[in-house]
Amino acid sequence: MTTLFLMVGLPGAGKTTEARRLAEQHRAIRLSPDEWMIPLFGGLEADGKRDVLEGRLLTIALEALRAGADVVVDFGCWGRDERTAIRWLAESVGASCRMRYLPVDPDTQRARIAHRWATTPHETLPMTEADILDGHAHFEEPDAAELAGRDLDAAPPGWADWRAWAAERWPSFA
C-alpha cells in the first residue's frame, strides 16, 4: 500500500526539513508549493495562484500514489477540512495517509523564520509579526483523533463528497 505523508504546521515548525527527511527515508515524491511559487510567480500568495498550484500538485500526488509511489505533501494544511479532504483523496486511490503535525512555540517559530530569511532570502519571503499572528489565528490544531487517523469527517453540508469540496478549494484539482 502506498502512503501519502501530510505535513501539518505553521511556518517555522520544521515541516520542510521533516518532509525532506521523509522523502529520502521512504524514497517518496515530495510536493511543496513554496518551492514553486517564488520561481514561478515571485511570491507565496500571488493572486490566488497558490490554490491553483496546490490543486495541480494534489492531482500529481494521486497519480503517483496510483502508480505505486509514496508522496509527501508539504502544504502546511492549516484547516481541518483541507486535511480531511486530502486524507479522503488518498484513501480513495487505495493509499494510506499519515499526518505529521509539527507544533512550534512562538519564540522558536520567530527565530526560525528570521534565520531562514537571513540565510536563504531567495527561497522565502519576509514574514511580519502581523503575518505570524494571522497564521496563529487561522490555524486549526489537529486533535488526538485526527492525528491518529480515526474516522473521517463527512463532507461539509452542500458537498456530495470530499472530492467535490477539494475541487472548489483547489480550482485546478482534477
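Quick notes on this structure:
- For segment 80-108, a residue qualifies if it is of a type in the set (Phe, Trp, Tyr) and surrounded by fewer than 18 Cβ atoms within 10 Å (Cβ to Cβ), and exactly one does: Tyr101.
- Top-ranked residue of segment 14-37 - restricted to ones that are among the hydrophobic types (A, V, I, L, M, F, W, C) and touching a helix residue (DSSP H, G or I) at 6+ places or on another chain (Cβ under 7 Å), ranked as surrounded by the most Cβ atoms within 10 Å (Cβ to Cβ): Leu31
- Scanning segment 55-79 for residues that are closer than 15 Å to Arg163 by Cβ and buried (at least 17 other Cβ atoms within 10 Å of the Cβ) turns up Gly55, Leu58, Ala61, Leu62, Leu65.
- Residue count, segment 122-160 (criterion: outside any helix (DSSP H, G or I), within 19 Å of the chain's Cα centre (by Cα) and β-branched (Val, Ile, Thr)): 1
- The sole residue among Glu91, Glu129, Glu123, Glu82 that is out of contact with any Leu (no Cβ under 9 Å at 6 or more places or on another chain) and under 30 Å from Arg163 (Cα atoms) is Glu82.
- Among residues of segment 1-12, those that are aliphatic (A, V, I, L, M), closer than 26 Å to Arg110 by Cα and part of a strand (DSSP E or B), counted: 3
We did not get these values from a lab; they are worked out from the coordinates using the rules stated. Predicted model, so just to flag it, every value in this text is computed and none were measured. Heads up, the Cβs are rebuilt from the backbone with ideal geometry, glycines too, and the neighbour counts pull from every protein chain shown.
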